[in-house]
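The values are calculated or read from the model by the stated rules, or taken from the named source; none is laboratory data. Here the structure is a predicted model, which means the values were calculated and not measured. In this analysis, Cβ positions are derived from the backbone assuming ideal geometry, glycine residues included, and neighbour counts consider all displayed protein chains.
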Amino acid sequence: MESYSNRFGFENWEVYQLAIDLRADVYKLTEKFPRSEQFGLTNQFNRAAVSVALNIAEGRGRGTDKDFARFLHQARGSLLETVSGCQIAVRLGFLSSSTYEEISAKAGQINAKLNTLISALSDAWGHASCILRLAFSS
(Lines give C-alpha, C1' and ligand atoms only; values in the text may rest on other atoms or scores of the structure.)
Protein backbone atom coordinates (compact mmCIF):
# COMPACT_ATOMS: atom_id res chain seq x y z
CA MET A 1 0.00 0.00 0.00
CA GLU A 2 1.27 3.43 -0.91
CA SER A 3 1.93 5.92 1.86
CA TYR A 4 0.97 9.55 1.41
CA SER A 5 1.41 12.69 3.49
CA ASN A 6 -2.16 12.44 4.84
CA ARG A 7 -2.41 16.20 4.45
CA PHE A 8 -6.17 16.01 3.98
CA GLY A 9 -7.00 13.30 6.52
CA PHE A 10 -7.98 10.41 4.24
CA GLU A 11 -4.98 9.55 2.07
CA ASN A 12 -3.65 6.73 4.24
CA TRP A 13 -6.96 5.19 5.25
CA GLU A 14 -6.95 1.55 4.30
CA VAL A 15 -10.46 1.79 2.84
CA TYR A 16 -9.34 4.62 0.56
CA GLN A 17 -6.19 2.78 -0.53
CA LEU A 18 -8.20 -0.37 -1.27
CA ALA A 19 -10.61 1.72 -3.34
CA ILE A 20 -7.70 3.11 -5.36
CA ASP A 21 -6.36 -0.42 -5.86
CA LEU A 22 -9.79 -1.57 -7.04
CA ARG A 23 -9.95 1.31 -9.50
CA ALA A 24 -6.52 0.37 -10.88
CA ASP A 25 -7.60 -3.27 -11.22
CA VAL A 26 -10.78 -2.31 -13.08
CA TYR A 27 -8.92 0.03 -15.43
CA LYS A 28 -6.46 -2.75 -16.30
CA LEU A 29 -9.29 -5.21 -16.90
CA THR A 30 -11.31 -2.89 -19.10
CA GLU A 31 -8.31 -2.23 -21.36
CA LYS A 32 -8.98 -5.74 -22.68
CA PHE A 33 -12.70 -5.19 -23.32
CA PRO A 34 -13.85 -4.96 -26.94
CA ARG A 35 -13.57 -1.54 -28.51
CA SER A 36 -17.31 -1.65 -29.18
CA GLU A 37 -17.85 -1.35 -25.39
CA GLN A 38 -15.70 1.79 -25.04
CA PHE A 39 -18.70 4.08 -24.55
CA GLY A 40 -20.90 1.46 -22.90
CA LEU A 41 -19.85 -1.00 -20.24
CA THR A 42 -16.18 0.05 -20.23
CA ASN A 43 -17.01 3.69 -19.52
CA GLN A 44 -19.66 2.94 -16.89
CA PHE A 45 -17.51 0.30 -15.17
CA ASN A 46 -14.53 2.67 -14.97
CA ARG A 47 -16.65 5.57 -13.71
CA ALA A 48 -18.19 3.41 -10.99
CA ALA A 49 -14.79 2.13 -9.85
CA VAL A 50 -13.18 5.57 -9.66
CA SER A 51 -16.24 6.98 -7.89
CA VAL A 52 -15.64 4.81 -4.81
CA ALA A 53 -12.36 6.54 -3.87
CA LEU A 54 -13.55 9.96 -5.02
CA ASN A 55 -16.66 9.81 -2.83
CA ILE A 56 -14.60 8.79 0.21
CA ALA A 57 -12.32 11.78 -0.37
CA GLU A 58 -15.15 14.22 -1.09
CA GLY A 59 -17.09 13.07 1.95
CA ARG A 60 -14.07 13.61 4.17
CA GLY A 61 -13.99 17.21 2.99
CA ARG A 62 -17.60 17.91 3.88
CA GLY A 63 -18.40 20.03 6.90
CA THR A 64 -20.48 17.58 8.89
CA ASP A 65 -20.37 13.93 9.82
CA LYS A 66 -23.85 13.54 8.36
CA ASP A 67 -22.62 14.78 4.97
CA PHE A 68 -19.59 12.51 5.26
CA ALA A 69 -21.87 9.52 5.88
CA ARG A 70 -23.97 10.46 2.84
CA PHE A 71 -20.88 10.37 0.61
CA LEU A 72 -19.82 7.05 2.13
CA HIS A 73 -23.24 5.70 1.16
CA GLN A 74 -22.60 6.96 -2.38
CA ALA A 75 -19.18 5.28 -2.34
CA ARG A 76 -20.85 2.03 -1.30
CA GLY A 77 -23.39 2.39 -4.12
CA SER A 78 -20.58 2.88 -6.62
CA LEU A 79 -18.79 -0.13 -5.17
CA LEU A 80 -21.85 -2.32 -5.72
CA GLU A 81 -22.18 -0.89 -9.22
CA THR A 82 -18.58 -1.97 -9.83
CA VAL A 83 -19.37 -5.51 -8.66
CA SER A 84 -22.40 -5.55 -10.95
CA GLY A 85 -20.19 -4.40 -13.83
CA CYS A 86 -17.93 -7.38 -13.14
CA GLN A 87 -20.87 -9.76 -13.21
CA ILE A 88 -22.05 -8.33 -16.52
CA ALA A 89 -18.52 -8.60 -17.95
CA VAL A 90 -18.35 -12.27 -16.91
CA ARG A 91 -21.75 -12.94 -18.49
CA LEU A 92 -20.57 -11.30 -21.73
CA GLY A 93 -17.34 -13.30 -21.72
CA PHE A 94 -15.05 -10.31 -21.10
CA LEU A 95 -13.87 -11.53 -17.67
CA SER A 96 -13.26 -14.96 -16.17
CA SER A 97 -15.09 -16.17 -13.08
CA SER A 98 -11.80 -16.28 -11.18
CA THR A 99 -11.13 -12.62 -12.01
CA TYR A 100 -14.63 -11.80 -10.81
CA GLU A 101 -13.91 -13.60 -7.52
CA GLU A 102 -10.72 -11.57 -7.02
CA ILE A 103 -12.51 -8.27 -7.63
CA SER A 104 -15.47 -9.37 -5.53
CA ALA A 105 -13.20 -10.28 -2.59
CA LYS A 106 -11.53 -6.86 -2.71
CA ALA A 107 -14.93 -5.19 -2.98
CA GLY A 108 -16.08 -7.19 0.05
CA GLN A 109 -13.21 -5.77 2.11
CA ILE A 110 -14.03 -2.24 1.01
CA ASN A 111 -17.72 -2.76 1.72
CA ALA A 112 -17.02 -3.96 5.26
CA LYS A 113 -14.81 -0.94 5.96
CA LEU A 114 -17.35 1.48 4.50
CA ASN A 115 -20.04 -0.11 6.67
CA THR A 116 -17.83 0.33 9.75
CA LEU A 117 -17.30 3.99 8.92
CA ILE A 118 -21.00 4.59 8.25
CA SER A 119 -21.96 2.88 11.51
CA ALA A 120 -19.43 4.89 13.48
CA LEU A 121 -20.76 8.11 12.02
CA SER A 122 -24.43 7.30 12.49
CA ASP A 123 -24.08 5.79 15.99
CA ALA A 124 -22.09 8.61 17.50
CA TRP A 125 -22.46 11.84 15.54
CA GLY A 126 -20.78 13.88 18.26
CA HIS A 127 -17.89 11.48 18.82
CA ALA A 128 -17.26 10.35 15.25
CA SER A 129 -13.85 11.99 14.88
CA CYS A 130 -12.52 10.09 17.87
CA ILE A 131 -14.05 6.83 16.65
CA LEU A 132 -12.63 7.32 13.16
CA ARG A 133 -9.14 7.94 14.51
CA LEU A 134 -9.32 4.73 16.53
CA ALA A 135 -10.85 2.62 13.76
CA PHE A 136 -8.72 3.82 10.85
CA SER A 137 -5.39 4.97 12.23
CA SER A 138 -2.44 3.78 10.16
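Counting the residues of the range 11-44 that are within 25 Å of N115 (Cα to Cα) and either of a type in the set (V, I, T) or in contact with a Cys (Cβ under 8 Å, 6 or more places away or on another chain) (or both) gives 3. Determine, yes or no, whether A112 is crowded, with 17+ Cβ neighbours inside 10 Å and out of contact with any Pro (no Cβ under 6 Å at 6 or more places or on another chain). Considered against the rule, which asks whether it is crowded, with 17+ Cβ neighbours inside 10 Å and out of contact with any Pro (no Cβ under 6 Å at 6 or more places or on another chain), A112 comes out as no. A count restricted to the range 70-94 and to residues that are under 15 Å from D21 (Cα atoms) and either β-branched (V, I, T) or exposed (fewer than 14 other Cβ atoms within 10 Å of the Cβ) (or both) stands at 2.
Can you find a residue in the range 49-64 that is β-branched (V, I, T), within 29 Å of L121 (Cα to Cα) and surrounded by fewer than 18 Cβ atoms within 10 Å (Cβ to Cβ)? Working first, answer last.
Taking the range 49-64 and keeping what is β-branched (V, I, T), we get 50, 52, 56, 64.
From what's left, within 29 Å of L121 (Cα to Cα): 50, 52, 56, 64.
Next, only the ones that are surrounded by fewer than 18 Cβ atoms within 10 Å (Cβ to Cβ) stay: 64.
The answer is yes; a qualifying residue exists.
Of all residues in the range 80-107, those satisfying the criterion of being touching a residue at least 60 places away in the same chain (Cβ under 8 Å) and of a type in the set (A, V, I, L, M) are A89, L95, I103, A107.
Kindly evaluate S97 against the criterion of being more than 30 Å from D123 (Cβ to Cβ), among the small types (G, A, S) and either surrounded by 15 or more Cβ atoms within 10 Å (Cβ to Cβ) or more than 9 Å from the chain's Cα centre (by Cα) (or both).
Numbers: more than 30 Å from D123 (Cβ to Cβ): yes; among the small types (G, A, S): yes; either surrounded by 15 or more Cβ atoms within 10 Å (Cβ to Cβ) or more than 9 Å from the chain's Cα centre (by Cα) (or both): yes.
Yes.
Of all the listed residues (S78, S36), the sole one being out of contact with any strand residue (DSSP E or B) (no Cβ under 9 Å at 6 or more places or on another chain), within 22 Å of Y100 (Cβ to Cβ) and at pLDDT below 95 is S36. Only one residue in Q38, Q74, Q17 is of a type in the set (S, T, N, Q) and under 21 Å from D123 (Cα atoms). Which one? Going through Q38, Q74, Q17 in turn, just one is of a type in the set (S, T, N, Q) and under 21 Å from D123 (Cα atoms): Q74.
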